[in-house]
Amino acid sequence: MSWRSFFVGLLAAPLVLAGASVSSLAADNPPPDAVPLSPSELAAIYSGKTWVWSNGGGAYTAPDGTFIAASIDGLKQSYANGRWFARSKGRLCWQATWYGRYSGWPALSCFQHVQSNGVIYQRGYPKGTWGIFAHNPTLQYDGINYVKDGDLVEPGYAAAKAFLHRKDIRQPPEAFALVTGGK
């Protein structure tokens, strides 16, 4: 596994867990009659809203298609900016450049949504594990409850960006030790 794959997975973990319901931590496969959400149904869920993550960060999907995100977790802070879009087959995608402690990299992340009898199922697309995103009726810990109105990301985005642009944290610790003679 490359360091980039590992780091992208590390960034995605709080996102997936924060947006997952308790029941979706085990596989909750949709029934065979489940149908994909339409792009307009996905826009109704996500447009102009923030998906709040457990690490204090989140992702904001603006009505104009702009996407920003921030992950706020000590030295593992990151931020992203790009575009979001809803596709056929129930897919919500974020195409963005993520910036971390040492570099930036482009990434495309998608989530697939299907529904049956008012229950919405979600998974990371294409190979994620299915989970219930919204029960019918909605339960307290459903992932959809972590999608909040408005831009709640901007303060964390600005803070992560400022933090990551500090010169004293840009050097890997081992490089710092070489420069200072290990002191």
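Miscellaneous remarks
- Integer Hz, Karplus 6.51/-1.76/1.60 couplings in order for region 100-112, x for Gly and Pro: x, 4, 10, 6, x, 8, x, 8, 10, 10, 10, 10, 9
- Scanning residues 5 or more positions from residue 148 or on other chains, those with amide H under 5 Å from its amide H are 50, 51, 52, with H placed 1.01 Å from N in the peptide plane.
- For region 118-127, putting each phi into the Karplus relation 6.51 cos²θ - 1.76 cosθ + 1.60 with θ = phi - 60° gives couplings of x, 8, 9, 10, 9, 8, x, 9, x, 10 Hz, in residue order, rounded to whole numbers and with x for Gly and Pro.
Just so you know, all these numbers are worked out from the coordinates, no wet-lab data involved. Fair warning: this is a prediction, and the values are worked out from it, not measured in the lab.
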